[in-house]
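Read-outs throughout are calculated quantities, based only on the coordinates presented, and are distinct from any laboratory measurement. In this text, all values refer to a predicted model and were calculated from it rather than measured experimentally. So basically every Cβ, Gly included, is an ideal-geometry build from the backbone, and we count neighbours across all protein chains shown.
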Amino acid sequence: MAKLWAKPFYNSAKWKKCRESYIKNIDGLCQTCLEKGEITAGYILHHIAPLTEENINDADITLVYDNLKLPH
Ligand SMILES: [Zn+2]
């Protein structure tokens, strides 16, 4: 369950758009498996550097592809 302070972010249009385009960009596949030559559907989108109350409004952390991954 998302933390209360993170709720407005996860409900924001810019996050939903970012999330959608990122998943589309990697065809919804787990990139770790793909590196091993395996095709596995990704499951839940994660931020590599976890979101905190301090960085939740920092688009360079919350909305960049480099900080996202979709493990299976
Ligand atoms: Zn995988």
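Select from segment 41-70 the residues that are free of Cβ contacts under 8 Å to residues at least 40 places away in the same chain, assigned to a helix (DSSP H, G or I) and farther than 17 Å from Lys7 by Cα and list them in ascending order.
Asp60, Asp66, Asn67
Tell me yes or no: at least one residue of segment 16-34 is over 14 Å from the mean Cα position of the chain (by Cα), loosely packed, with under 14 Cβ neighbours inside 10 Å and not small (Gly, Ala, Ser). Give the derivation first.
We begin by selecting, within segment 16-34, every residue over 14 Å from the mean Cα position of the chain (by Cα); these are 32-34.
Filter again for loosely packed, with under 14 Cβ neighbours inside 10 Å, leaving none.
No: segment 16-34 contains no residue that is over 14 Å from the mean Cα position of the chain (by Cα), loosely packed, with under 14 Cβ neighbours inside 10 Å and not small (Gly, Ala, Ser).
For segment 51-72, give me each residue that is within 18 Å of Ile23 (Cα to Cα) and either surrounded by 13 or more Cβ atoms within 10 Å (Cβ to Cβ) or touching a helix residue (DSSP H, G or I) at 6+ places or on another chain (Cβ under 6 Å) (or both).
Ile61, Thr62, Leu63, Val64, Tyr65, Asn67, Leu68, Lys69, Leu70, Pro71, His72
Among the listed residues Ile39, Ile48, which satisfies the condition of being under 14 Å from the mean Cα position of the chain (by Cα) and either among the hydrophobic types (A, V, I, L, M, F, W, C) or exposed (fewer than 11 other Cβ atoms within 10 Å of the Cβ) (or both)?
Working: Ile39 fails: under 14 Å from the mean Cα position of the chain (by Cα).
Just a single option satisfies the conditions, and that option is Ile48.
Could you please let me know if Glu38 is over 20 Å from Lys3 (Cα atoms) and either away from the ligand (no atom under 16 Å from the Cβ) or not aliphatic (A, V, I, L, M) (or both)? Reasoning before the result, please.
Numbers: over 20 Å from Lys3 (Cα atoms): yes; either away from the ligand (no atom under 16 Å from the Cβ) or not aliphatic (A, V, I, L, M) (or both): yes.
Yes; evaluated as a whole, the condition is true for this residue.
If I filter segment 2-35 down to residues being within 11 Å of Lys69 (Cβ to Cβ) and in a loop (DSSP other than H, G, I, E, B), which single residue comes out as nearest to the ligand (Cβ to nearest atom)?
Restricting to residues being within 11 Å of Lys69 (Cβ to Cβ) and in a loop (DSSP other than H, G, I, E, B), the top hit is Cys30.
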